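J.: Here it is, the structure in full.
The values are calculated or read from the model by the stated rules, or taken from the named source; none is laboratory data. Note that this is a predicted model, so its numbers are computed, not measured. Here the Cβ is made from the backbone with ideal geometry for all residues, glycine too, and neighbour counts use every protein chain on show.
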Amino acid sequence: MSKTLTLFRREMNAYFATPLAYVFIVIFLIMASSLTFFLGNFLERDQADLIPFFQFHPWLFILLIPAISMRLWAEEIHSGTMELLLTLPVTTAQAVLGKFLAAWIFIGVALMLTFPIWVTVNYLGEPDNGVILASYIGSFFMAGGYLAMGAFISAMTKNQVIAFVVSAAFCFLFTASGSPIVLNLFSGWVGDSATHFIAGLSFLTHFQDLMKGVIDFRDVLYFASLIVFFLYANTVAVDRARGA
């Protein structure tokens with residue numbers, strides 16, 4: 001675990017040594033605030049909750065998290081530094097976990113910096129802060145799911161642009177899988193059980209329960225299982241790229 005933490009600190013320092021971290025955080029904060037106040041009608045609703053804030057998180061993450069994940073492995077493969085990284089006394093799994101945790105905590109920092117809107121809603125009314133905390137936790141786990149998928153796709157290519165586009169498309173499919181747009185594509189040629197399974201993969205379905213303050217074990221298990229699965233796939237893809 002100490003080796004994973006060492007790599008974690010290395011990656012975190014790398015984020016803040018370049019403008020990438022600051023650009024991501026500024027764009028995330030501006031877009032989240034703009035969507036909340038203008039499209040979400042935060043003030044006009046006259047309700048003490050943060051639903052207008054959290055309801056846009058899945059769509060923000062679809063665009064912004066692939067911008068973080070695309071460089072995790074594609075850049076290493078393209079520049080040839082992946083071989084140097086893996087010559088360090090760390091296993092592939094430790095390297096994958098260290099990089100993932102650094103990126104996930106970085107996204108968590110961006111989420112924490114949205115605290116002024118939490119302060120604002122408490123100033124304007126008396127919200128249920130337990131529901132808001134559950135929504136933050138749900139948003140963080142959802143971000144981890146998107147990030148794990150993006151990291152896996154990044155390990156499959158050396159081109160960051162391709163990694164970004166494919167990751168964004170992949171994230172969109174998992175987000176919209178419970179919507180009629182996607183379900184109508186399958187309803188004609190798969191059974192009801194398969195349709196329900198596809199609908200159950202939707203990030204929106206699981207996040208909306210958490211956004212209501214209902215911390216269901218099944219929702220937490222869904223995001224945790226998704227993260228573990230794609231981190232395992234990420235490890236396999238890195239080993240495959242190293243052996244190629």
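J.: Can you name the number of the only condition in (1) surrounded by 15 or more Cβ atoms within 10 Å (Cβ to Cβ); (2) over 21 Å from Phe170 (Cβ atoms); (3) at pLDDT below 90 that Phe24 fails?
T.: Single failed check for Phe24: (2).
J.: Here's another thing I want to ask about it. With respect to the numbered conditions (1) modelled with pLDDT of 90 or more; (2) of a type in the set (Gly, Ala, Ser); (3) under 21 Å from Ala148 (Cβ atoms), which one is the sole condition not fulfilled by Ala32?
T.: Condition (3) is where Ala32 drops out.
J.: Looking at segment 206-241, which of its residues are among the aromatic types (Phe, Trp, Tyr) and buried (at least 18 other Cβ atoms within 10 Å of the Cβ)?
T.: If the condition is that a residue be among the aromatic types (Phe, Trp, Tyr) and buried (at least 18 other Cβ atoms within 10 Å of the Cβ), then Phe207, Tyr222, Phe223, Phe230 are the ones that fit.
For every residue, the table says whether it meets (1) in a helix (DSSP H, G or I); (2) more than 18 Å from the chain's Cα centre (by Cα); (3) without any contact (Cβ under 8 Å) to a residue 60 or more places away in the chain.
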{"position": "Val109", "(1), (2), (3)": "yes, no, no"}
{"position": "Trp118", "(1), (2), (3)": "yes, yes, no"}
{"position": "Gly130", "(1), (2), (3)": "yes, yes, no"}
{"position": "Leu133", "(1), (2), (3)": "yes, no, yes"}
{"position": "Met142", "(1), (2), (3)": "yes, no, no"}
{"position": "Ile153", "(1), (2), (3)": "yes, no, no"}
{"position": "Phe164", "(1), (2), (3)": "yes, no, no"}
{"position": "Phe170", "(1), (2), (3)": "yes, no, yes"}
{"position": "Leu173", "(1), (2), (3)": "yes, no, yes"}
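J.: Oh, and also: Looking only at segment 44-53, decide whether some residue is at positive phi and surrounded by fewer than 18 Cβ atoms within 10 Å (Cβ to Cβ).
T.: yes
J.: Find the residue count for segment 1-21, including only residues that are of a type in the set (A, V, I, L, M), touching a helix residue (DSSP H, G or I) at 6+ places or on another chain (Cβ under 6 Å) and surrounded by fewer than 18 Cβ atoms within 10 Å (Cβ to Cβ).
T.: The qualifying residues number 1.
J.: Ok, one more. Of the residues that make up segment 216-236, is at least one modelled with pLDDT under 80, small (Gly, Ala, Ser), part of a helix (DSSP H, G or I) and closer than 26 Å to Ala155 by Cβ?
T.: no
J.: Now a separate question. Kindly indicate whether Ile68 is closer than 18 Å to Ile162 by Cα, more than 19 Å from the chain's Cα centre (by Cα) and surrounded by 21 or more Cβ atoms within 10 Å (Cβ to Cβ).
T.: Criteria not met by Ile68.
J.: Turning to a different aspect of this structure: Starting from residues that are modelled with pLDDT under 85 and not in a helix (DSSP H, G or I), keep the ones in segment 47-90 and report whichever is nearest to Phe170 (Cα to Cα).
T.: That would be Gly80.
J.: Could you list, in sequence order, the residues of segment 188-208 that are more than 30 Å from Thr92 (Cα to Cα) and modelled with pLDDT of 80 or more?
T.: Selection gives Leu204, Thr205, His206, Phe207, Gln208.
J.: Which numbered condition trips up Ala102, out of (1) at pLDDT 90 or above; (2) surrounded by 19 or more Cβ atoms within 10 Å (Cβ to Cβ); (3) over 18 Å from Leu7 (Cβ atoms)?
T.: Every condition holds for Ala102 apart from (3).
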